[in-house]
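J.: Okay, handing you the structure first.
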Amino acid sequence: MRVDVVSIFGEYLAPLSLSLIGKARTQGLLEVRVHDLREHTHDRHRTVDDTPYGGGAGLLMKPEPWGEALDAVLADPPESAGERGPVLLVPSPVGEVFTQVAAVELAAEPWLVFACGRYEGIDARVVEHYRARGVRVREVSLGDYVLNGGEVAVLVVVEAVARLLPGVVGNAASLAEESHASEHDGLLEHPAYTKPATWRGLDVPAVLSSGDHGAVARWRREQALRRTARRRPDLLARLDPARCGAADLAVLAEEGFVPGAHGFLPAAPAVAD
Ligand code: JFE
């Protein structure tokens, strides 16, 4: 996979040389190219920002350097890109929330191009222009909080995508088993323990040392359901009641959830009459 990143803070992308991502690059599984937006300015001050039409505090990124920079990146496709061209990813607090589903989709692409905004973001015509040219553009958010720019989002997206590429993470089974994988119905993972059996007075739950694989599986399922109910009730709303046995229903009822038309919903509180 080829990844191009356009930014005014290329140094922010230095962690892409470390650990598993760095190894994937030296192994030739991933190629990352970082480009300086300011190389596509023409004034003495290498200006990339300007004031917003309509007024308001803060500055925006001007469209012209972005047009030149992205045109130059798009003019140099990797061999592997074929007919489809790149996906242009634009981190933004108003984008679609980046999820494991999106990571899996992007891991199937040969070429990702990231446009990292700063200030209050990029003039909206840049996204409009590349969409009109037929480029697949995705504005992506990491979540409902405001960062100072797109670079940290690039680190997150590239890490989530690259670890799905064949050969990047050693154990294929460990990928399939993770939280947010469909095998787990979209439930949070159960808690996990390693040695020692007792640490600072805290014991590993006895069932995990029982050797009873059925009991271990049932305990883990119960823990996953309870955790999800308490921490992420929004995920329970998407859990298919048809995939839940009587034991699951009993656990969820204890946690205050009942099957609804699609997923599980908070049980209506009993009201005195
Ligand atoms: C940029 C900024 C105020 C943008 C209306 C470029 N999940 C997520 N949070 N924040 C971002 C992503 C993000 C991504 C790119 C960014 C924030 N900013 C800062 C400040 C309003 C903004 O957009 C600039």
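The values are calculated or read from the model by the stated rules, or taken from the named source; none is laboratory data. Every value quoted in this text rests on a predicted model; they were computed, and no experiment measured them. Because the Cβ atoms are built from the backbone with ideal geometry, glycine has one as well, and the counts that use them run over all protein chains shown.
J.: Starting from residues that are in contact (Cβ under 8 Å) with a residue 24 or more places away in the chain, assigned to a loop (DSSP other than H, G, I, E, B) and among the small types (Gly, Ala, Ser), keep the ones in the stretch 68-119 and report whichever is surrounded by the most Cβ atoms within 10 Å (Cβ to Cβ).
T.: Among those that are in contact (Cβ under 8 Å) with a residue 24 or more places away in the chain, assigned to a loop (DSSP other than H, G, I, E, B) and among the small types (Gly, Ala, Ser), it is Gly117.
J.: For the stretch 11-54, give me each residue that is among the basic types (Lys, Arg) and either touching a Cys at 6+ places or on another chain (Cβ under 9 Å) or more than 16 Å from Val161 (Cβ to Cβ) (or both). First the steps, then the outcome.
T.: Residues of the stretch 11-54 among the basic types (Lys, Arg): 23, 25, 33, 38, 44, 46.
Result: Arg38, Arg44, Arg46.
J.: Go through the stretch 22-67 and report how many residues are over 19 Å from Met1 (Cβ atoms), among the β-branched types (Val, Ile, Thr) and touching a residue at least 24 places away in the same chain (Cβ under 8 Å).
T.: 2
J.: Sticking with this structure for a sec: Look at Val97 and say whether it is within 24 Å of His180 (Cα to Cα), of a type outside the set (Ser, Thr, Tyr) and within 9 Å of the ligand (Cβ to nearest atom). Reasoning before the result, please.
T.: Details: within 24 Å of His180 (Cα to Cα): yes; of a type outside the set (Ser, Thr, Tyr): yes; within 9 Å of the ligand (Cβ to nearest atom): yes.
When the stated conditions are applied, Val97 passes them.
J.: Now, a different point. Under 7 Å between Cβ atoms, at least 6 apart or on separate chains: pull out the pairs that start in the stretch 184-211 with a residue that is outside any loop (DSSP other than H, G, I, E, B) and end on any residue that is hydroxyl-bearing (Ser, Thr, Tyr).
T.: Partner pairs satisfying both residue conditions: Leu208/Tyr193.
J.: Within the bounds of the stretch 71-87, is there any residue that is modelled with pLDDT of 95 or more and within 16 Å of the ligand (Cβ to nearest atom)?
T.: no
J.: Moving on. Given the structure, is Leu249 over 25 Å from Gln100 (Cβ atoms) and either in a helix (DSSP H, G or I) or of a type in the set (Ser, Thr, Tyr) (or both)?
T.: yes
J.: Of the numbered conditions (1) more than 17 Å from Ala267 (Cα to Cα); (2) loosely packed, with under 12 Cβ neighbours inside 10 Å, Asp212 fails exactly one; give the number of that condition.
T.: (2)
J.: Filtering the stretch 137-189 down to residues that are at pLDDT below 95 and among the aliphatic types (A, V, I, L, M), which residue is surrounded by the fewest Cβ atoms within 10 Å (Cβ to Cβ)?
T.: Within the stretch 137-189, the match that is surrounded by the fewest Cβ atoms within 10 Å (Cβ to Cβ) is Ala173.
J.: From Arg230, Arg238, grab the single residue that is surrounded by fewer than 16 Cβ atoms within 10 Å (Cβ to Cβ), out of contact with any helix residue (DSSP H, G or I) (no Cβ under 6 Å at 6 or more places or on another chain) and within 13 Å of Asp185 (Cβ to Cβ).
T.: On inspection, the qualifying residue turns out to be Arg238.
J.: State whether one or more residues within the stretch 41-59 are of a type in the set (A, V, I, L, M) and in contact with a Gly (Cβ under 7 Å, 6 or more places away or on another chain).
T.: Within the stretch 41-59 (the criterion being of a type in the set (A, V, I, L, M) and in contact with a Gly (Cβ under 7 Å, 6 or more places away or on another chain)), the answer is no, since none of the residues qualifies.
J.: Does the stretch 103-123 hold any residues that are away from the ligand (no atom under 12 Å from the Cβ) and among the aliphatic types (A, V, I, L, M), and which are they?
T.: Ala103, Val104, Leu106, Ala107, Ala108, Leu112, Val113
J.: Mind listing whichever residues of the stretch 124-169 are more than 12 Å from the ligand (Cβ to nearest atom) and assigned to a loop (DSSP other than H, G, I, E, B)?
T.: Hits for the stretch 124-169 are Arg133, Gly134, Val135, Arg163, Leu164, Leu165, Pro166, Gly167, Val168, Val169.
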